[in-house]
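S.K.: Once you've had a glance at the structure underneath, I'll fire off some questions.
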Amino acid sequence: MDLEAIDIQTLIVADILGTITPDEKTQLDKLMIDRPELQALYNEIREDMESENIIAHADGSTSAAELIFKAKRRGRNRYIRSLAAAACSIGLVGGLSYYILTSKQQPASLASWEDGETILLKIGQQEINLEKNVATNVNGIAFHPETGSLTFSSLNSTTHDLGILTVPRGKNNYKVVLDDGSEVLLNNTSRISFPLKFDGSKREISIDGEAYVKVSPKAGQPFIVHLPHNRQVEVLGTEFNINTYDSGIAKISLVQGSVQVAEGQSHALLTPGKAATIDAQRIAVNTFDAEEVLGWRDGIIVFPDNVTIEKIAEVVGRNMKVKIIVEKSAAGKKFIGVILDKSKPISHLLQQLTDTKEVTYSISKDGVIHIL
(Lines give C-alpha, C1' and ligand atoms only; values in the text may rest on other atoms or scores of the structure.)
Protein backbone atom coordinates (compact mmCIF):
# COMPACT_ATOMS: atom_id res chain seq x y z
CA MET A 1 0.00 0.00 0.00
CA ASP A 2 1.33 3.45 -0.87
CA LEU A 3 2.28 5.68 1.99
CA GLU A 4 0.59 9.03 2.29
CA ALA A 5 2.65 12.11 1.52
CA ILE A 6 2.86 13.12 5.17
CA ASP A 7 4.24 9.66 6.06
CA ILE A 8 6.96 9.92 3.44
CA GLN A 9 7.82 13.41 4.61
CA THR A 10 8.10 12.13 8.19
CA LEU A 11 10.50 9.36 7.13
CA ILE A 12 12.70 11.80 5.19
CA VAL A 13 12.85 14.34 8.01
CA ALA A 14 13.53 11.60 10.59
CA ASP A 15 16.41 10.31 8.46
CA ILE A 16 17.91 13.80 8.16
CA LEU A 17 17.56 14.35 11.92
CA GLY A 18 19.11 10.95 12.68
CA THR A 19 16.06 9.81 14.66
CA ILE A 20 14.87 7.23 12.14
CA THR A 21 14.48 3.64 13.40
CA PRO A 22 16.11 0.68 11.59
CA ASP A 23 12.74 -0.52 10.28
CA GLU A 24 11.85 2.97 9.09
CA LYS A 25 15.26 3.28 7.42
CA THR A 26 14.65 0.05 5.52
CA GLN A 27 11.24 1.33 4.47
CA LEU A 28 12.66 4.67 3.29
CA ASP A 29 15.53 3.04 1.37
CA LYS A 30 13.09 0.84 -0.53
CA LEU A 31 10.88 3.84 -1.22
CA MET A 32 13.81 5.80 -2.65
CA ILE A 33 14.59 2.90 -4.98
CA ASP A 34 10.96 2.51 -6.07
CA ARG A 35 10.52 6.24 -6.68
CA PRO A 36 13.84 7.74 -7.81
CA GLU A 37 12.21 11.17 -8.17
CA LEU A 38 12.18 11.37 -4.36
CA GLN A 39 15.99 11.67 -4.24
CA ALA A 40 15.87 15.24 -5.51
CA LEU A 41 13.11 15.96 -3.00
CA TYR A 42 15.19 14.48 -0.17
CA ASN A 43 18.09 16.76 -1.08
CA GLU A 44 15.82 19.81 -1.27
CA ILE A 45 14.30 19.11 2.14
CA ARG A 46 17.77 18.75 3.66
CA GLU A 47 18.94 22.04 2.11
CA ASP A 48 15.84 23.86 3.34
CA MET A 49 16.19 22.44 6.85
CA GLU A 50 19.84 23.46 6.95
CA SER A 51 19.10 26.96 5.64
CA GLU A 52 16.52 27.47 8.38
CA ASN A 53 18.79 25.92 11.06
CA ILE A 54 16.16 23.30 11.76
CA ILE A 55 18.73 20.53 12.20
CA ALA A 56 20.93 22.60 14.47
CA HIS A 57 18.03 23.51 16.78
CA ALA A 58 16.49 20.06 16.96
CA ASP A 59 17.39 18.74 20.39
CA GLY A 60 17.27 15.02 19.57
CA SER A 61 14.10 14.48 21.57
CA THR A 62 12.00 16.23 18.96
CA SER A 63 10.47 13.70 16.61
CA ALA A 64 10.06 14.25 12.90
CA ALA A 65 6.30 14.18 13.27
CA GLU A 66 6.40 16.88 15.98
CA LEU A 67 8.75 19.01 13.90
CA ILE A 68 6.48 18.78 10.86
CA PHE A 69 3.41 19.57 12.96
CA LYS A 70 5.06 22.75 14.24
CA ALA A 71 6.14 23.70 10.72
CA LYS A 72 2.62 23.19 9.39
CA ARG A 73 1.22 25.47 12.07
CA ARG A 74 3.72 28.15 11.06
CA GLY A 75 2.66 27.55 7.48
CA ARG A 76 5.87 28.91 5.99
CA ASN A 77 8.29 26.01 5.47
CA ARG A 78 8.95 25.62 1.77
CA TYR A 79 10.01 21.98 2.07
CA ILE A 80 6.50 21.02 3.11
CA ARG A 81 5.04 22.67 0.02
CA SER A 82 7.75 21.11 -2.14
CA LEU A 83 6.87 17.67 -0.90
CA ALA A 84 3.22 18.32 -1.59
CA ALA A 85 3.98 19.20 -5.19
CA ALA A 86 6.04 16.05 -5.61
CA ALA A 87 3.36 13.99 -3.90
CA CYS A 88 0.88 15.24 -6.46
CA SER A 89 3.21 14.21 -9.29
CA ILE A 90 3.67 10.62 -8.06
CA GLY A 91 0.07 9.96 -7.13
CA LEU A 92 0.34 10.29 -3.34
CA VAL A 93 -2.63 11.54 -1.38
CA GLY A 94 -3.30 12.51 2.18
CA GLY A 95 -2.15 14.92 4.85
CA LEU A 96 -0.84 17.78 2.73
CA SER A 97 -3.88 18.70 0.63
CA TYR A 98 -3.81 22.30 1.86
CA TYR A 99 -0.25 22.78 0.65
CA ILE A 100 -1.00 21.07 -2.65
CA LEU A 101 -3.63 23.71 -3.28
CA THR A 102 -1.47 26.65 -2.25
CA SER A 103 1.96 25.65 -3.60
CA LYS A 104 3.20 27.51 -6.66
CA GLN A 105 5.75 24.81 -7.52
CA GLN A 106 4.95 22.35 -10.31
CA PRO A 107 6.22 18.76 -10.52
CA ALA A 108 8.84 18.08 -13.19
CA SER A 109 7.62 16.44 -16.37
CA LEU A 110 8.97 13.02 -17.28
CA ALA A 111 9.40 14.31 -20.82
CA SER A 112 12.35 16.32 -19.53
CA TRP A 113 14.46 13.16 -19.51
CA GLU A 114 12.71 11.32 -22.34
CA ASP A 115 13.50 14.19 -24.71
CA GLY A 116 16.93 14.95 -23.27
CA GLU A 117 19.96 15.61 -25.42
CA THR A 118 22.44 13.31 -23.69
CA ILE A 119 22.75 10.02 -21.84
CA LEU A 120 22.86 11.24 -18.27
CA LEU A 121 23.78 9.89 -14.83
CA LYS A 122 22.38 11.82 -11.88
CA ILE A 123 23.57 11.38 -8.29
CA GLY A 124 21.76 13.73 -5.98
CA GLN A 125 22.16 17.16 -7.53
CA GLN A 126 25.23 16.20 -9.57
CA GLU A 127 24.80 15.32 -13.24
CA ILE A 128 27.34 13.47 -15.41
CA ASN A 129 27.13 13.56 -19.20
CA LEU A 130 28.12 9.96 -19.97
CA GLU A 131 28.60 10.67 -23.66
CA LYS A 132 31.72 12.70 -22.87
CA ASN A 133 33.44 9.49 -21.66
CA VAL A 134 35.26 11.36 -18.87
CA ALA A 135 36.22 9.50 -15.67
CA THR A 136 34.60 11.08 -12.60
CA ASN A 137 34.79 10.64 -8.82
CA VAL A 138 31.61 11.24 -6.81
CA ASN A 139 31.43 10.61 -3.05
CA GLY A 140 34.22 8.05 -3.14
CA ILE A 141 32.91 6.20 -6.20
CA ALA A 142 35.01 6.24 -9.39
CA PHE A 143 32.96 6.20 -12.60
CA HIS A 144 34.47 4.98 -15.86
CA PRO A 145 32.19 5.80 -18.80
CA GLU A 146 33.15 4.50 -22.24
CA THR A 147 31.28 4.56 -25.52
CA GLY A 148 28.04 2.71 -24.86
CA SER A 149 28.77 1.54 -21.33
CA LEU A 150 29.46 2.55 -17.72
CA THR A 151 31.40 0.80 -14.99
CA PHE A 152 32.19 2.11 -11.54
CA SER A 153 34.23 1.08 -8.52
CA SER A 154 34.28 1.97 -4.84
CA LEU A 155 37.24 3.78 -3.33
CA ASN A 156 36.55 2.56 0.21
CA SER A 157 33.25 4.42 0.08
CA THR A 158 30.32 3.64 2.37
CA THR A 159 27.88 5.74 0.35
CA HIS A 160 24.25 4.71 0.02
CA ASP A 161 23.62 7.13 -2.83
CA LEU A 162 21.33 6.22 -5.71
CA GLY A 163 22.29 6.67 -9.32
CA ILE A 164 19.65 7.51 -11.94
CA LEU A 165 20.79 6.78 -15.50
CA THR A 166 18.59 7.98 -18.36
CA VAL A 167 18.78 7.19 -22.07
CA PRO A 168 16.59 9.67 -24.03
CA ARG A 169 14.65 8.85 -27.18
CA GLY A 170 16.68 8.47 -30.35
CA LYS A 171 19.87 7.36 -28.55
CA ASN A 172 21.73 4.08 -28.95
CA ASN A 173 21.62 1.35 -26.31
CA TYR A 174 23.64 1.92 -23.15
CA LYS A 175 24.97 -0.65 -20.66
CA VAL A 176 25.68 -0.18 -16.96
CA VAL A 177 27.56 -2.76 -14.87
CA LEU A 178 26.20 -2.69 -11.31
CA ASP A 179 28.04 -3.05 -8.00
CA ASP A 180 27.59 -6.86 -7.96
CA GLY A 181 28.68 -7.36 -11.58
CA SER A 182 25.13 -7.62 -12.93
CA GLU A 183 24.67 -5.97 -16.34
CA VAL A 184 21.73 -3.88 -17.53
CA LEU A 185 21.48 -2.88 -21.20
CA LEU A 186 19.06 0.03 -21.56
CA ASN A 187 17.11 0.77 -24.72
CA ASN A 188 16.38 4.37 -25.65
CA THR A 189 13.63 6.24 -23.76
CA SER A 190 14.49 4.23 -20.65
CA ARG A 191 15.92 4.86 -17.21
CA ILE A 192 17.29 2.88 -14.31
CA SER A 193 17.64 3.78 -10.63
CA PHE A 194 20.23 1.76 -8.71
CA PRO A 195 22.23 1.95 -5.47
CA LEU A 196 25.92 2.56 -5.95
CA LYS A 197 26.56 -0.14 -3.35
CA PHE A 198 24.40 -3.20 -2.70
CA ASP A 199 24.07 -4.18 0.94
CA GLY A 200 21.49 -5.86 3.10
CA SER A 201 19.54 -8.99 2.24
CA LYS A 202 18.36 -7.89 -1.23
CA ARG A 203 19.70 -6.21 -4.37
CA GLU A 204 17.05 -3.80 -5.64
CA ILE A 205 16.86 -1.57 -8.73
CA SER A 206 14.06 0.19 -10.63
CA ILE A 207 13.58 0.22 -14.42
CA ASP A 208 11.20 2.24 -16.59
CA GLY A 209 11.23 1.63 -20.36
CA GLU A 210 13.07 -1.36 -21.83
CA ALA A 211 16.16 -3.21 -20.64
CA TYR A 212 17.95 -6.53 -20.98
CA VAL A 213 19.22 -7.72 -17.60
CA LYS A 214 21.98 -10.24 -16.84
CA VAL A 215 21.97 -10.95 -13.12
CA SER A 216 25.06 -12.21 -11.32
CA PRO A 217 24.09 -15.12 -9.04
CA LYS A 218 24.59 -14.37 -5.37
CA ALA A 219 23.36 -16.88 -2.82
CA GLY A 220 21.14 -15.44 -0.13
CA GLN A 221 20.78 -12.06 -1.82
CA PRO A 222 17.93 -12.13 -4.35
CA PHE A 223 17.81 -9.54 -7.13
CA ILE A 224 14.62 -7.44 -7.30
CA VAL A 225 13.63 -5.25 -10.25
CA HIS A 226 10.89 -2.74 -9.47
CA LEU A 227 8.69 -1.64 -12.36
CA PRO A 228 6.09 1.14 -12.73
CA HIS A 229 2.72 0.58 -11.02
CA ASN A 230 4.31 -1.24 -8.05
CA ARG A 231 5.18 -4.35 -10.08
CA GLN A 232 8.32 -6.34 -9.52
CA VAL A 233 10.49 -9.17 -10.82
CA GLU A 234 12.47 -11.35 -8.41
CA VAL A 235 15.43 -13.44 -9.60
CA LEU A 236 18.47 -15.30 -8.27
CA GLY A 237 20.54 -15.57 -11.47
CA THR A 238 19.14 -15.15 -14.95
CA GLU A 239 18.82 -13.19 -18.21
CA PHE A 240 15.58 -11.52 -19.16
CA ASN A 241 14.05 -8.62 -21.07
CA ILE A 242 11.76 -6.00 -19.52
CA ASN A 243 9.47 -3.72 -21.52
CA THR A 244 7.18 -1.11 -19.92
CA TYR A 245 6.81 1.24 -22.90
CA ASP A 246 3.06 0.64 -23.21
CA SER A 247 1.30 2.57 -20.46
CA GLY A 248 -0.02 0.30 -17.73
CA ILE A 249 1.49 -2.85 -19.27
CA ALA A 250 4.71 -4.68 -18.34
CA LYS A 251 6.24 -7.50 -20.39
CA ILE A 252 8.93 -9.76 -18.95
CA SER A 253 10.55 -12.27 -21.34
CA LEU A 254 12.86 -14.90 -19.84
CA VAL A 255 15.94 -16.08 -21.73
CA GLN A 256 17.83 -18.02 -19.04
CA GLY A 257 17.22 -19.06 -15.43
CA SER A 258 13.96 -18.36 -13.66
CA VAL A 259 12.08 -15.31 -12.48
CA GLN A 260 8.97 -14.70 -10.46
CA VAL A 261 6.76 -11.78 -11.43
CA ALA A 262 4.23 -10.18 -9.10
CA GLU A 263 1.13 -8.08 -9.64
CA GLY A 264 -0.85 -7.42 -6.49
CA GLN A 265 -1.67 -10.84 -5.05
CA SER A 266 -0.96 -12.62 -8.35
CA HIS A 267 2.37 -14.35 -9.05
CA ALA A 268 3.82 -16.29 -11.95
CA LEU A 269 7.04 -18.31 -12.24
CA LEU A 270 8.63 -18.10 -15.70
CA THR A 271 10.80 -20.68 -17.44
CA PRO A 272 13.12 -19.93 -20.40
CA GLY A 273 11.22 -19.04 -23.58
CA LYS A 274 8.19 -17.80 -21.66
CA ALA A 275 6.97 -14.22 -21.27
CA ALA A 276 4.62 -12.66 -18.76
CA THR A 277 2.35 -9.79 -19.76
CA ILE A 278 1.00 -7.88 -16.77
CA ASP A 279 -2.08 -5.78 -17.39
CA ALA A 280 -4.83 -4.57 -15.06
CA GLN A 281 -4.09 -6.91 -12.16
CA ARG A 282 -3.68 -9.93 -14.46
CA ILE A 283 -0.64 -11.95 -15.49
CA ALA A 284 -0.77 -13.82 -18.81
CA VAL A 285 2.08 -16.25 -19.63
CA ASN A 286 2.92 -17.21 -23.22
CA THR A 287 5.88 -18.04 -25.44
CA PHE A 288 7.62 -15.14 -27.19
CA ASP A 289 9.34 -14.48 -30.50
CA ALA A 290 13.02 -13.85 -29.72
CA GLU A 291 13.55 -11.75 -32.87
CA GLU A 292 10.69 -9.43 -32.01
CA VAL A 293 11.54 -9.12 -28.33
CA LEU A 294 15.35 -9.08 -28.36
CA GLY A 295 16.28 -7.62 -31.76
CA TRP A 296 16.55 -4.09 -30.33
CA ARG A 297 19.86 -5.05 -28.68
CA ASP A 298 21.40 -5.17 -32.17
CA GLY A 299 19.59 -2.08 -33.43
CA ILE A 300 16.92 -4.13 -35.24
CA ILE A 301 13.22 -3.63 -34.52
CA VAL A 302 11.11 -6.51 -35.84
CA PHE A 303 7.45 -5.51 -35.81
CA PRO A 304 4.85 -8.22 -35.14
CA ASP A 305 2.53 -9.25 -37.96
CA ASN A 306 -0.57 -7.07 -38.34
CA VAL A 307 1.11 -4.14 -36.60
CA THR A 308 -0.79 -0.89 -37.09
CA ILE A 309 0.70 2.14 -38.80
CA GLU A 310 0.12 4.09 -35.59
CA LYS A 311 2.31 1.66 -33.63
CA ILE A 312 5.01 1.81 -36.29
CA ALA A 313 5.00 5.61 -36.12
CA GLU A 314 5.28 5.52 -32.32
CA VAL A 315 8.21 3.09 -32.27
CA VAL A 316 10.07 4.79 -35.12
CA GLY A 317 9.67 8.18 -33.46
CA ARG A 318 11.16 6.81 -30.26
CA ASN A 319 14.09 5.07 -31.94
CA MET A 320 15.00 7.48 -34.74
CA LYS A 321 13.96 10.74 -33.06
CA VAL A 322 11.84 11.75 -36.03
CA LYS A 323 8.27 12.94 -36.03
CA ILE A 324 5.70 10.93 -37.98
CA ILE A 325 2.07 11.97 -38.39
CA VAL A 326 -0.44 9.38 -39.55
CA GLU A 327 -3.09 11.14 -41.59
CA LYS A 328 -6.71 10.07 -41.53
CA SER A 329 -6.44 8.35 -44.92
CA ALA A 330 -3.87 5.89 -43.49
CA ALA A 331 -5.32 5.41 -40.01
CA GLY A 332 -5.68 1.80 -38.89
CA LYS A 333 -3.71 0.26 -41.77
CA LYS A 334 -1.90 -2.96 -40.81
CA PHE A 335 1.34 -4.44 -42.09
CA ILE A 336 3.28 -7.71 -42.15
CA GLY A 337 7.05 -8.21 -42.17
CA VAL A 338 8.13 -4.65 -41.36
CA ILE A 339 11.65 -4.23 -39.98
CA LEU A 340 13.36 -1.07 -38.71
CA ASP A 341 17.15 -1.20 -39.04
CA LYS A 342 18.55 1.73 -37.04
CA SER A 343 21.80 1.62 -38.99
CA LYS A 344 19.95 2.58 -42.19
CA PRO A 345 18.21 5.86 -43.10
CA ILE A 346 14.51 6.25 -42.40
CA SER A 347 13.85 6.01 -46.14
CA HIS A 348 14.57 2.27 -45.89
CA LEU A 349 11.54 1.77 -43.63
CA LEU A 350 9.36 4.14 -45.64
CA GLN A 351 10.12 2.12 -48.76
CA GLN A 352 8.85 -1.03 -47.03
CA LEU A 353 5.59 0.71 -46.23
CA THR A 354 5.00 2.17 -49.67
CA ASP A 355 5.89 -1.12 -51.41
CA THR A 356 2.69 -2.54 -49.95
CA LYS A 357 0.66 0.05 -51.93
CA GLU A 358 -1.31 0.61 -48.73
CA VAL A 359 0.14 4.02 -47.95
CA THR A 360 2.28 6.81 -49.36
CA TYR A 361 4.15 9.58 -47.56
CA SER A 362 5.33 13.14 -47.82
CA ILE A 363 7.90 15.13 -45.87
CA SER A 364 7.06 18.71 -44.93
CA LYS A 365 9.57 21.56 -44.86
CA ASP A 366 10.02 21.17 -41.10
CA GLY A 367 11.08 17.54 -41.56
CA VAL A 368 7.85 15.96 -40.34
CA ILE A 369 6.90 12.73 -42.15
CA HIS A 370 3.23 12.47 -43.08
CA ILE A 371 1.83 8.98 -43.77
CA LEU A 372 -1.01 9.26 -46.30
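The values are calculated or read from the model by the stated rules, or taken from the named source; none is laboratory data. From a predicted model like this one, the values you see are computed outputs, not experimental measurements. All Cβ positions, even for glycine, are placed from backbone atoms using ideal geometry, and neighbour counts span all protein chains on display. Please note that ligands, DNA and RNA were not included when accessible areas were found on the heavy atoms of the full protein model with its side chains. Shrake-Rupley method; radii C 1.70, N 1.55, O 1.52, S 1.80 Å.
S.K.: Can you find, within region 190-217, the residue that is modelled with the highest pLDDT among those that are open to solvent by 20 Å² or more (accessible area, probe 1.4 Å) and closer than 15 Å to Glu234 by Cα?
M.R.: Lys214
S.K.: For region 116-132, which residues satisfy the criterion of being free of Cβ contacts under 8 Å to residues at least 40 places away in the same chain, open to solvent by less than 60 Å² (accessible area, probe 1.4 Å) and polar (S, T, N, Q)?
M.R.: Asn129, the sole residue that qualifies.
S.K.: Right, next: State yes or no: is Arg282 touching a residue at least 40 places away in the same chain (Cβ under 8 Å), under 23 Å from the mean Cα position of the chain (by Cα) and open to solvent by 60 Å² or more (accessible area, probe 1.4 Å)?
M.R.: no
S.K.: A further question follows. In region 148-178, what residues are outside any loop (DSSP other than H, G, I, E, B), open to solvent by 40 Å² or more (accessible area, probe 1.4 Å) and either among the small types (Gly, Ala, Ser) or at pLDDT below 90 (or both)?
M.R.: Of everything in region 148-178, those that are outside any loop (DSSP other than H, G, I, E, B), open to solvent by 40 Å² or more (accessible area, probe 1.4 Å) and either among the small types (Gly, Ala, Ser) or at pLDDT below 90 (or both) turn out to be Ser153, Ser154.
S.K.: Additional query: Which of the following residues is within 25 Å of Leu150 (Cα to Cα), open to solvent by 10 Å² or more (accessible area, probe 1.4 Å), in a loop (DSSP other than H, G, I, E, B) and not aromatic (Phe, Trp, Tyr): Gly220, Gly181?
M.R.: None of the other options fit; the residue is Gly181.
S.K.: In addition: Residues of region 228-249 being touching a residue at least 40 places away in the same chain (Cβ under 8 Å) and crowded, with 21+ Cβ neighbours inside 10 Å, which ones?
M.R.: Of everything in region 228-249, those that are touching a residue at least 40 places away in the same chain (Cβ under 8 Å) and crowded, with 21+ Cβ neighbours inside 10 Å turn out to be Asn241, Asn243.
S.K.: Restricting attention to region 340-368, which residues are open to solvent by less than 80 Å² (accessible area, probe 1.4 Å), assigned to a strand (DSSP E or B) and either touching a helix residue (DSSP H, G or I) at 6+ places or on another chain (Cβ under 7 Å) or at pLDDT 95 or above (or both)?
M.R.: Matches in region 340-368: Leu340, Asp341.
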